[in-house]
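The values are calculated or read from the model by the stated rules, or taken from the named source; none is laboratory data. Bear in mind that the values here come from a model prediction, so they are computed numbers and not experimental data. Quick reminder, even Gly has a Cβ in these numbers, built from the backbone with ideal geometry, and neighbours come from all protein chains shown.
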Amino acid sequence: MSEKFLKYLGELWKSYILLFALFIWLRITFLRLDELLDGTTVIYSEKLVTHAIYYFSAGVLSLLGAIFLEKIQKELSIRIWISTTMISCLIFLFTFDGNIMRVLYPLLGGISFGLGVPITFSYFADHTSVVNRGRLGSIAFFLISLTLPVLTIASKILTINIILALFMIFLGFNSIFFRFYKQENRIVRKERIRYSHILTDKKFLHYFISWCMFCFIDALEAPLLEDFLINTFGSPFRDFVLFLETIVTSFSILVVGFLIDLYGRKRVLIYGFVSLGVAHATAGVFAYSILSWYIYSIIAGIALGFFIVIFVFTIWGDISPKNAREKYYAAGVLPYLFGGFISELSMPHVTAIPISSSFSLASFFLFLAVIPLTYAPETLPEKVIRRRELREYVEKAKKIREKYEKTGD
């Protein structure tokens, strides 16, 4: 293997480690917050404030951090994020007054996650290309999704403090590795992109509006879905539906990256929204049929895998220029953070909404989300799509010729 290829593999592996650390840190933070909020007699308003602090701090630090990060070298920004996360881990190990912890823990967790999003995802996008970003992103998140259930099981066996200590060791080891593995071309960006430019970019807005609509609908429907399934079919059935959806999502994540690198992002997204709209409509009309929920969980799992790979890993990297991607990913994470807070906010009110009305309305808005995508440009280069179509045409022509020759014999 050439030295250039080995360097590329090293940079790709480094980006995978950063993404892995970011998602693991996200999960650990919520494990810590769940332990804090479940272990004390806190009222709903206090829980809501705790989650609001987390999501708000993550969103603000993501936006402000991207402005600061584009002024410094990427290697330095990685060290800053790792140091910030390790400090947060260290403080998570200590116990304070309950009111202080309900403010300090989500604040630190939100700051470190918000700061990490533009750093890790822009690094991943800079070391992938538009023709392979989809499948490399799907492989990355598939590997990450395998570790998240392991972390959940570990939280039942080990204390959260042990998990935090192990994660600190992991960060420290990789921090040392990154120092020895130095990047030759350390680029300091001179041309900077303003948020006003991003928010007036039609290419960004078309995809961003559809992403916002999905996150908002998913945030409102998730607590309603769980409450309805538990009260109607029982907790075991709810658990099985969520398990089935998770399995399908994992498979979808692994497959969709290869599809969007062949057929394009736009077409797959449209299919995903239309399919999810049909699934919501089916579940809304036949809410008391077990078969409809099996259909819903399978289709929703496939669509969720599509949206994660495209909206989280791929599309913002396709749209943004190289070495200036932080602000695109910072803006792209906002619908997820806003949706997380909306989900917490709507949790006590889900029982007041009929499942049929809610899911029918959700399907309507999912179909509406397709409209911006019809105006969005395809980010996969046209020549790549045409090359694939030409290859398929040649293969079909060969099969027809072989069939004709056999018939002639």
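General observations
- When region 278-303 is filtered for residues that are touching a residue at least 12 places away in the same chain (Cβ under 8 Å), in a helix (DSSP H, G or I) and not β-branched (Val, Ile, Thr), the ones remaining, listed by number, are 279, 280, 281, 283, 284, 293, 294, 296, 297, 300, 301, 303.
- Residue within region 35-47 that is of a type in the set (Asp, Glu), at pLDDT below 90 and touching an Asp or Glu at 6+ places or on another chain (Cβ under 6 Å) present: no
- Helices (runs of 4 or more DSSP H) (entirely within region 304-374) containing at least 3 residues that are surrounded by fewer than 23 Cβ atoms within 10 Å (Cβ to Cβ): 334-346, 355-368
- Selection of first residues in region 62-74 that are on the phi < 0 side of the Ramachandran plot and touching a residue at least 40 places away in the same chain (Cβ under 8 Å) and of second residues that are among the basic types (Lys, Arg) and surrounded by fewer than 23 Cβ atoms within 10 Å (Cβ to Cβ), restricted to Cβ pairs under 6 Å at least 6 apart or on distinct chains, gives the following pairs, ordered by first then second residue: 70/189; 70/192; 73/186.
- Contact map, region 210-236: residues that are of a type in the set (Ser, Thr, Tyr) paired with residues that are modelled with pLDDT of 90 or more and surrounded by fewer than 22 Cβ atoms within 10 Å (Cβ to Cβ), Cβ distance under 6 Å, separation 6+ or inter-chain. Pairs shown: 210/372; 210/373.
- Tally, over region 216-228, of residues that are buried (at least 20 other Cβ atoms within 10 Å of the Cβ) and either hydrophobic (A, V, I, L, M, F, W, C) or under 16 Å from the mean Cα position of the chain (by Cα) (or both): 7
- Leading residue by the ranking (nearest to residue 203 (Cα to Cα)) among those in region 293-303 that are among the aromatic types (Phe, Trp, Tyr) and buried (at least 24 other Cβ atoms within 10 Å of the Cβ): 296
- Residues within region 103-141 that are hydrophobic (A, V, I, L, M, F, W, C) and over 15 Å from residue 19 (Cβ atoms), tallied: 7
- Near pairs, Cβ below 6 angstrom, 6+ apart or cross-chain, from region 86-99 (closer than 20 Å to residue 47 by Cα) to any residue that is part of a loop (DSSP other than H, G, I, E, B): 98/40
- All positions within region 150-166 that are in contact (Cβ under 8 Å) with a residue 60 or more places away in the chain and either in contact with a Phe, Trp or Tyr (Cβ under 9 Å, 6 or more places away or on another chain) or loosely packed, with under 14 Cβ neighbours inside 10 Å (or both): 152, 160, 161, 164
- Failed condition for residue 272, given (1) in contact with a helix residue (DSSP H, G or I) (Cβ under 6 Å, 6 or more places away or on another chain); (2) in contact (Cβ under 8 Å) with a residue 60 or more places away in the chain: (2)
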